[in-house]
Amino acid sequence: MILPPLLPQGAELAHPPTRAKVYLSLLLAFVLTLLPWMEQIRWLVPDFTLMVLLYWNIRAPRIAALGAAFSLGLLTDVARGVLFGLNALAYCIATFIVLLLQRRLEGFDTPRQTLQISPILIGKEMLVLALGLMMGRGDADWRWLVAGVVAALLWSPLAWLLDRVTSQAPASQQPTL
Amino acid sequence: MSSAPRAPLFVREMGLPARFSLYVMVCLFLLALDARYSTLAGMRAGINALIHPGQMALAWPLDWMQGVARFFVSHGELAAENARLKRQQELLDAGMLDRVAIAAENSQLRALMALPPRPGFSMLPGEIIEASTDPFARKVIINRGAGQGIVAGWPVVDAHGLVGQVTRVYPWSAEVSLLSDRSQGVPVQNMRNGLRVIVSGQGSDNFLEVRFLDMHADLQPGDLLYTSGIDGVYPAGVPVARVVKTEPPQHTPFARALCQPLGGVGRYRHMAVLVPAPQTAVPEKPQDPAQKKKVK
């Protein structure tokens, strides 16, 4: 007798995360950061690209990993006009941490995930500021850390939205081992 | 389901830590390369050429909405603005006549003293399309780039004075470092007594500073600072800043002066790039052989 798998397998998901979906959502997130945001609220705008990237690294870790993080980071560097490799480094580090914790993060429901993810999102903004300070670029504008907090606050709406895209049952409703 | 990749049974690739350290090393290499050398400018311009059309397409609906909003302006407002602009134009015309006469006199005097003619400049108007999102820099992106012949290093002005300098050129856009950027310095001259100092940005749009001022330098609040033109980048005589206050030395051997920028640094959407006119050494050519003959 063949036992049914305890966790829903790829084929059982109505809309499993495919390459097309992942890359399209990453592109949309990147476009969102490219929007002509008003200068007064520019420092509040979270890094949507990183959020979507981390989401997919939790849900589908084999599609967009370090290579995607690196290329998206370079694109962000150019779009933001900062030093080459700054955001690429930050994205790679964030992705690496998430991939290390992937098994744990996958099982959490969204609020707990937010608690685990927020240090990474805020830490990324800190890293970008710290690297700028290290390179002697003058006083940091610490307001930009708020972008990380906003990103952490927006994590659950984003997770909800992308869960709908893959028709994934919320993690709490999944059968647990 | 074939499109959804699964974990392979037998792993035939580098482990995660190894890949990660490889990427980190590449990033650090790129960072060092970009911070110290300008070898990556071409790559940056290439990637920007990919991103820029998308950015323009995103900004287009917003611009269009602003255009629609502008369409519903009352007739009275337009008439008032028209009258004001006409008055301003008359004043400018009068000032221009004066300026032309003075410029002609100046070039005659320079020719008389056998000085090379001042480099001429023409203006290329541009519009800010984006404020840079670098927390350490005060930069904007304008909608003129290499396609319009812009070259990094050219000064940028608005109606009231110097605004900044073109620092990076992309195919259809260019990055302008504003005067208030910390890495930006402009050699200026005090209009009252000709004292030469360097005005630098300090990251805020309201104030510029003269960092290393001689303790006894004659710089007073209210003094106007104009570009001196000795750096060969900025043309001479562009208004830059007004001195607000000077601070005596504290813990350092140097005094410091705070200035207010005269140009609308970070305020207006329109600015103009000063395009240096090709050096027309017409008045010099007949002089050179004459001078040589005199020497002989």
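Tabulated values for the structure
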{"item": "The range B:185-269, dipole about Cα centre (Lys/Arg Cβ +1, Asp/Glu Cβ -1), debye to the nearest 20", "result": "220 debye"}
{"item": "Under 5 Å, built H, 5+ apart or other chain: amide partners of residue A:139", "result": "none"}
{"item": "Estimated FRET transfer efficiency (residue A:165, residue B:211; beta-carbon r; R0 35 Å; 0.05)", "result": "0.05"}
{"item": "Total formal charge among the other residues, if their Cβ is under 13 angstrom from that of residue A:94, Lys/Arg +1 and Asp/Glu -1", "result": "-1"}
{"item": "Folded to 0 to 90 degrees: helix B:41-71 orientation relative to chain B principal axis, Cα", "result": "80 degrees"}
{"item": "Solvent-free Debye scattering, log10 I(q)/I(0), computed from the Cα coordinates of the range B:185-269 at q = 0.17, 0.22, 0.25 Å⁻¹", "result": "-0.63, -1.04, -1.28"}
{"item": "For residue A:65, distant residues with modelled amide H under 5 Å away", "result": "none"}
{"item": "Phi to ³J(HN,Hα) by Karplus 6.51 cos²θ - 1.76 cosθ + 1.60 over the range A:112-120, Hz, x for Gly, Pro", "result": "5, 4, 4, 4, 6, 7, 4, x, 5"}
{"item": "Dimensions in Å of the protein assembly as shown - Rg and Dmax from alpha carbons", "result": "28.5, 112"}
{"item": "Computed [θ] at 222 nm, deg cm²/dmol, chain B (DSSP H ≥ 4; -39,500 (n - 2.57); rounded to nearest 500)", "result": "-12000 deg cm²/dmol"}
{"item": "In Hz, Karplus ³J(HN,Hα) per residue of the range B:20-31 (6.51, -1.76, 1.60; θ = phi - 60°; x = Gly, Pro)", "result": "4, 5, 4, 5, 4, 5, 4, 4, 5, 4, 4, 4"}
{"item": "Other-chain or far-sequence residues with amide H under 5 Å of residue B:192's (modelled H)", "result": "B:224"}
{"item": "Ellipsoid equivalent to chain B - semi-axes via the Cα gyration tensor, in Å", "result": "43, 29, 24"}
{"item": "Karplus 3J(HN,Hα) series, Hz, for the range B:153-159 with 6.51 cos²θ - 1.76 cosθ + 1.60 (x for Gly, Pro)", "result": "x, 6, x, 10, 10, 10, 5"}
{"item": "Peptide-level mean, for A:71-77, of C-beta atoms on other protein chains within 10 Å", "result": "3"}
{"item": "Summed residue charge, Cβ within 13 Å of residue B:213's Cβ, Lys/Arg positive, Asp/Glu negative", "result": "-1"}
{"item": "Cα lying deepest toward the dipole's positive end in the range B:74-191, options B:172, B:115, B:149, charges on Cβ", "result": "B:115"}
{"item": "Where labels lie 7 Å past Cα in the beta-carbon direction, separation of residue B:73 and residue B:58 in nm", "result": "2.8 nm"}
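Values in this text are rule-based calculations from the coordinates and carry no lab data. Quantities reported herein were computed from a predicted structural model and do not represent experimental measurements. Ideal geometry is used to build each Cβ from the backbone, glycine not excepted, and the neighbour counts take in all protein chains shown.
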